[in-house]
Ligand code: SAH
């Protein structure tokens, strides 16, 4: 994966110790082998443990029947780090929204999105979100805490088990701002790739942009896709939607994105939520094209998904198409994401910790 280690060394629990025990989920086969050996067990038990955690989805070490009984009893209390499904809502298009209960009782949302050949999971990276973007439901509920790497990996395993189908893609587009939780996001990317077996190119991290963090992320030279939530073609408009755009202006964000392209050799995806009459006019499309000219990028338009607290409107198809046409004319690669799961309030920006 990357030349730089994403997680340093062995940081796994010691049985019988009452200190805060870091759960096992997210640990590599090497870490698990070292851990079992610390317990006086042969190294091959690490491989077994890895298989039981990631392939069989075991929830308690006490249930690993290939382990000696006495040792199982000793380590029974060591947490693996799995959540429980608190609520599950199926949309007519087959998208499933899950409310998952974490060990401390916090609730997060995860979405499973099946399409013909894919099963995509949209994972949360924080409980709530501090960014408070005006059009997003998650921000309305405030911010509680970052998720641990195990809590991110768990979301993927949970959807995989519930669908009884391998997850092919993961998008970090659920609740929270991934680049405010970079360490756990990097550790979970590594684990999803190496332990769960999802190709790096099938992993996408979406950010609204946090100063210096995109450059730092680039330095890990991952093959994952970076998506940046742009949503406006100029600073004045962006500031109205995204409070954090004030101290971190569009120009600085775009400069950092250019550096990302230079460092990684990978293009950036720009997300642009289309709000009728606000940022969806042809002149906005022209301005956006101007911003992105010569930039190795791709624009992903997201027609606004309604939330209760604000009265933005989704543009009609003609307006969306007109916006697309301008970008295409200007040789900007563009696609439209018609969000799935609308009926279950599981679409982009509709995630909050309630049914
Ligand atoms: N914090 C990250 C990831 C979270 S949301 C980020 O900002 O990128 C994933 C995408 O959904 C973001 O582009 C976000 O701006 C967009 N989004 C939020 N609310 C939305 C809404 N009501 N309708 C459509 N897209 C929305």
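Take the Cα of residue 87, step 7 Å toward its Cβ, do the same at residue 263, and the gap between the two points is 3.9 nm. DSSP finds beta bridges in the chain, and of those with both partners inside it, around 45 percent are antiparallel. The label-point distance for residue 132 and residue 338, in a model that sets each label 7 Å from Cα toward Cβ, rounds to 3.6 nm.
As a proxy for reagent exposure, ranking 269, 84 by other Cβ atoms within 10 Å from fewest up yields 84, 269. Pairwise inverse Cα distances across the stretch 29-75, averaged and inverted, put the Kirkwood hydrodynamic radius at 10.5 Å.
Along its first, second and third principal axes, ordered by size, the stretch 128-238 spans 45, 31, 23 Å in Cα coordinates. Taking other Cβ atoms within 10 Å as a rough exposure proxy, 295, 135 sort from fewest to most as 295, 135. With neighbours defined as other Cβ atoms within 10 Å of a residue's Cβ, the residues 31, 134, 154 order from fewest to most as 134, 31, 154. Taking only alpha carbon atoms, the stretch 51-170 gives an Rg to Rh ratio of 1.03, where Rh is the Kirkwood radius.
Here the calculated FRET efficiency for residue 76 and residue 168, from their Cβ-Cβ distance with R0 = 25 Å, stands at 0.15, rounded to the nearest 0.05. Radius of gyration over Kirkwood radius for the stretch 84-344, both on Cα atoms: the Rg/Rh ratio is 0.94.
Computed from the C-beta positions of residue 51 and residue 309, the FRET efficiency with R₀ = 56 Å rounds to 0.80. Under a Gaussian network description of the chain, with springs only between Cα atoms under 10 Å, the residue in 296, 165, 126 that fluctuates furthest is 165.
Using C-alpha pairs under 8 Å with a sequence gap of at least 6, the mean separation divided by the residue count of the chain gives a relative contact order of 16 percent. Considering only alpha-carbon pairs that sit under 8 angstrom and 6 or more positions apart, the relative contact order computed for the stretch 178-305 is 24 percent. Each peptide in 217-224, 36-43 receives the mean, over its residues, of other Cβ atoms within 10 Å, and ordering these scores from highest gives 217-224, 36-43.
Here the simple spin-label model places points 7 Å from the Cα toward Cβ, and for residue 216 and residue 239 these points are separated by 2.6 nm.
At an R0 of 35 angstrom, the distance between the Cβ atoms of residue 59 and residue 201 translates into a FRET efficiency of 0.70.
Computed from the coordinates by the stated procedures, all read-outs in this text should not be read as laboratory data. Everything quoted here is computed from the prediction, not taken from an experiment. When we count neighbours, we look across all protein chains shown, and the Cβ atoms used for this are built from the backbone with ideal geometry, even at glycine.
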